[in-house]
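Shown next, in structure tokens, is the structure this report addresses.
The values are calculated or read from the model by the stated rules, or taken from the named source; none is laboratory data. Just so it is clear, the model here is predicted, and its values are computed rather than measured. Every residue, glycine as well, gets a Cβ built from its backbone with ideal geometry; the counts of neighbours run over all protein chains shown.
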Amino acid sequence: MYGFEALTFNIHGGYLEAIVRGHRAGLLTTSDYNNLCQCETLDDIKMHLSATEYGPYLQNEPSPLHTTTIVEKCTLKLVDDYKHMLCQATEPLSTFLEYITYGHMIDNVVLIVTGTLHERDVQELLEKCHPLGMFDSIATLAVAQNMRELYRLVLVDTPLAPYFSECITSEDLDDMNIEIMRNTLYKAYLEDFYRFCQKLGGATAEIMSDLLAFEADRRAVNITINSIGTELTRDDRRKLYSNFGLFYPYGHEELAVCEDIDQVRAVMEKYPPYQSIFAKLSYGESQMLDKAFYEEEVKRHCLAFEQQFHYAVFFAYMRLREQEIRNLMWISECVAQNQKSRVHDSVVFIF
Amino acid sequence: MSASAAIIAAHSSSWAAALVKISPYTFSAIGIAISIGVSVLGAAWGIYITGSSLIGAAIKAPRITSKNLISVIFCEAVAIYGVIVAIILQTKLEAVPKASIYAPESMRAGYAIFASGIIVGFANLVCGLCVGIIGSSCALSDAQNSTLFVKILVIEIFGSALGLFGVIVGIIMSAQATWPSKV
């Protein structure tokens, strides 16, 4: 019953909620980012990071460092935190935590299939996969020739199996079909996650609905913008939008017929929560749209921590950590390529 | 007069007849059981709510452990109130001769002890819950920002006053539990 979760939540989730809030306290602050932005070399970055929670992960790396090493080690910390929480969780929290990683699984599947299409080596591709999205038998994705084989050989044993019912065709895999496959899978995943959270009820359902709805709407806008000018038909585009969120169903109708960014802006301005995102951009500009979306996402995920006794804090923490890793990657790249003036273009402060 | 009133009540409906026939000692015993049992339930509930958050938060912020044990102590106090009232109530029980077991004064004494037990039991149940939930939030906030501890402690103090209210009223109720004299 909504409002009375405080009575029973701590039986199974109290310890892990306290742990995840402790992790949140370790996210980098504005002063950390200011220090990092003023670094001259990657070794300076390593030195500044050694005072934060990333210290133990980076201290054994020999110089010269690469930006990919920094990102890899920071991701390793996220994976360690996640696994520590997952192994201590009971149902339904353990299922909830597993749902968070299905998005990464989808990305890994698409990465390997695309890489195989372009004749890359499987081992090389496996190293680039996100560690949170690994599953057994992921390497056998390389032998599949079309989607039906992909499903039958590998994916039927994974948690992604139920998401494939909408996109099994006998067509061969090529770049366009793979992107459509990725978006269809992600749509099915978001809807499944949304239904699961609704079933959990209470504060989890309310907060996760808001966070997932924003995710669905953001993807709808990105799909629209990316498919302007391609051969994706309006009906196909319409099929890639999720069945929930603020834009459902009328916004989707309007987005499906958009042909340029100003029309997308006109659609979004009808929805008050999203007006502020486009207000930051002047007409005709779309480069800063990603950053505006990330800022809005970070703001909403930070708000999830305001309430106690629900599961959305775990989801919010994972996303905030991923944003932090993106920030670190951008800062490292800017420092490595000596373009420190562009550092603030893409860093989103969390606190 | 009072006996005929009781007989009239006993014939008016079967539920009234059943309730009037229950011995006042049953009511007293149940009251004493509720006063200690439900109070301890409230205290235990509050302690586990606080304790699980405190343990998890103390991993990243070990400094909070000693201060936040105050929340656990407030919850424990609730159980102690229950024990005290149960002991007081059981000293109020007296043996009466068989003829006056169902006399109105005996019934009144039995009901008074029953009511006192319920008051204390349920007041301590909700007080323990309240202090427990606040204690959990206090531990988590203290781990993030140590200036918040004292302010949230004030809320806990107000919460634990609820148990005291229950104890006061319960003791006042039990003061009227006078059984008829043996003559």
**Request:** Output the residues belonging to region B:138-152 that are assigned to a helix (DSSP H, G or I) and out of contact with any Ser or Thr (no Cβ under 8 Å at 6 or more places or on another chain).
**Result:** B:SER141, B:ASP142, B:ALA143, B:GLN144, B:VAL150, B:LYS151
**Asked** So which of A:ALA279, A:ALA292, A:ALA266, A:ALA256 is over 30 Å from A:PHE4 (Cα atoms), at pLDDT 85 or above and surrounded by fewer than 15 Cβ atoms within 10 Å (Cβ to Cβ)?
**Response** A:ALA266
**Asked** Going by the structure shown, is A:VAL221 surrounded by 14 or more Cβ atoms within 10 Å (Cβ to Cβ), closer than 30 Å to A:LEU132 by Cα and not polar (S, T, N, Q)?
**Response** yes
**Prompt:** Looking at A:GLY3, A:GLY26, which is the one that is surrounded by fewer than 19 Cβ atoms within 10 Å (Cβ to Cβ) and on the phi > 0 side of the Ramachandran plot?
**Reply:** A:GLY3
**Prompt:** Filtering region B:12-41 down to residues that are in a helix (DSSP H, G or I) and among the β-branched types (Val, Ile, Thr), which residue is surrounded by the fewest Cβ atoms within 10 Å (Cβ to Cβ)?
**Reply:** B:THR26
**Request:** Restrict the check to region B:144-152 and report whether at least one residue is within 14 Å of another protein chain (Cβ to nearest Cβ), of a type in the set (Val, Ile, Thr), out of contact with any Asp or Glu (no Cβ under 7 Å at 6 or more places or on another chain) and over 14 Å from B:CYS75 (Cα atoms).
**Result:** yes
**Asked** Does at least one position in region A:5-13 carry a residue that is assigned to a helix (DSSP H, G or I) and either more than 14 Å from chain B (Cβ to nearest Cβ) or over 30 Å from B:GLY128 (Cβ atoms) (or both)?
**Response** no
**Message:** Given the criteria modelled with pLDDT under 95 and surrounded by 16 or more Cβ atoms within 10 Å (Cβ to Cβ), does B:ALA123 qualify?
**Reply:** no
**Request:** Please specify each residue of region A:214-239 satisfying the condition of being assigned to a loop (DSSP other than H, G, I, E, B) and within 18 Å of the chain's Cα centre (by Cα).
**Result:** none
**Message:** If I ask for residues that are loosely packed, with under 14 Cβ neighbours inside 10 Å and either within 14 Å of chain B (Cβ to nearest Cβ) or of a type in the set (S, T, N, Q) (or both), which ones from region A:30-40 would you list?
**Reply:** A:THR30, A:SER31, A:ASN34, A:GLN38
**Request:** Test each condition in (1) in a helix (DSSP H, G or I); (2) in contact (Cβ under 8 Å) with a residue 12 or more places away in the chain; (3) not β-branched (Val, Ile, Thr) for A:PHE244 and report the one that comes out false.
**Result:** (1)
**Request:** Look through region B:42-71, keep the residues that are surrounded by fewer than 19 Cβ atoms within 10 Å (Cβ to Cβ) and under 20 Å from B:VAL126 (Cβ atoms), and return whichever of them is nearest to the chain's Cα centre (by Cα).
**Result:** B:ALA44
**Fill in**
Considering only helices (runs of 4 or more DSSP H) wholly within region A:55-147, the ones with at least 3 residues that are out of contact with any Ser or Thr (no Cβ under 9 Å at 6 or more places or on another chain) and β-branched (Val, Ile, Thr) are A:67-88, A:93-117
**Request:** Look at region A:50-72 and say how many of its residues are more than 18 Å from A:ARG326 (Cα to Cα) and of a type in the set (A, V, I, L, M, F, W, C).
**Result:** 1
**Request:** Filter region B:72-88 for residues that are under 11 Å from the mean Cα position of the chain (by Cα) and either surrounded by 19 or more Cβ atoms within 10 Å (Cβ to Cβ) or closer than 24 Å to B:SER53 by Cβ (or both) and give the result.
**Result:** B:VAL78, B:ALA79, B:ILE80, B:TYR81, B:GLY82, B:VAL85, B:ALA86
**Prompt:** Somewhere in region A:16-36, is a residue without any contact (Cβ under 8 Å) to a residue 24 or more places away in the chain and assigned to a loop (DSSP other than H, G, I, E, B)?
**Reply:** no
**Fill in**
Among the residues of region B:75-105, the number that are under 30 Å from B:LEU41 (Cβ atoms), part of a helix (DSSP H, G or I) and not β-branched (Val, Ile, Thr) is 9
